[in-house]
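Nothing in this text is a laboratory measurement; each read-out follows from the coordinates by a stated rule. As the structure is a computational prediction, the values presented were derived from the model and not from experiment. Don't worry about glycine lacking a Cβ; one is built from the backbone with ideal geometry, like all the others, and counts go over all protein chains shown.
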Amino acid sequence: MEQVLLRIYFVVQKLVFSQVDKETFDAIINQGKVLEKDRWGVKVIETTDNKIVKFFRLKRVYSSALFFPYAWRFKRNANYLKRLGIKTMEVEKIEYCLSQQRHILTYKKLEGQSVKDKLSEAEGKNDLINHLIKFISELHAKGVYFRSLHFGNIIIDSKGDLSLIDISDLKVYTGALSVNHRVRNWKHLLKYDFEKKLINEYGCESFFDRYLGYANLSQQQGAYIMKELLVNTC
């Protein structure tokens, strides 16, 4: 059954996406700067013309990615975010290399640096944290559940505007996020050592009190969030 599903999958990818041969695939990698790789191969490169190329593989046959490839989700999520007025990448194209069984997604590199890198600098740290808290509260208010939320996936440009990257694992709900989704999102972020350390240095209670000031939630909902995050996480 698995082999049948894979044959159908490969046929669909050939029909839906522009095709890249192995020679072109290798050239893309060899002529670019590798930004991320794992035991399966190169995942992200930066090209000489200031573009980012991401490579996606099918991780499991029995998954939703068989019908909705990760690259397609990435582009769909970028469109969702733009409609909500949230800055993110502009996807230029998605291609497929059958011999390497990879989708190849290209977008123009965003100007700026990650918030994580910016926060590593000494000056203006608290102002940026306050800006970041407001930004995340706006994501939650607009129904954006960003499972990969951490400070390395948020870019700040020279104007101070914030943008999201690495958005494959993201869902947009109708209306604001529920309290449980908000708590889950913050708990995920607090699993990262850098983020947890920074929030504790800022003051965990002060950090989430400021978040609640933007969140427009009831007193009961706010108390629940504070309890879950202060007692069980910070």
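Observations on the structure shown:
- Compared with the alpha-carbon gap, the fully stretched path from residue 109 to residue 22 is longer by 28.9 nm at 0.36 nm per residue.
- Rounded to 10°, Cα long-axis angle of helix 204-215 versus longest principal axis of the chain: 80 degrees
- Listed pairs 54/191; 43/227; 109/197 exceeding 32 Å between Cα atoms: 43/227
- Using 0.36 nm per residue and subtracting the Cα-Cα separation, the extra length available between residue 188 and residue 79 on full extension is 36.8 nm.
- Signed unit charges on C-beta, dipole axis of the chain, positive-most listed residue 67, 91, 198: 67
- Sites excluded, trypsin sites (Lys or Arg not before Pro) in DSSP loops with at most 11 other C-beta within 10 Å, longest stretch of the chain: 61-158
- Under 16 Å from the residue 127 label point (7 Å along Cα→beta-carbon), backbone N, segment 135-170: 156-162
- Efficiency of FRET between residue 49 and residue 219 - r from beta-carbon atoms, R0 45 angstrom, step 0.05: 0.30
- FRET efficiency, 1/(1 + (r/R0)^6) with R0 30 Å, evaluated for residue 173 and residue 2 via beta carbons: 0.35
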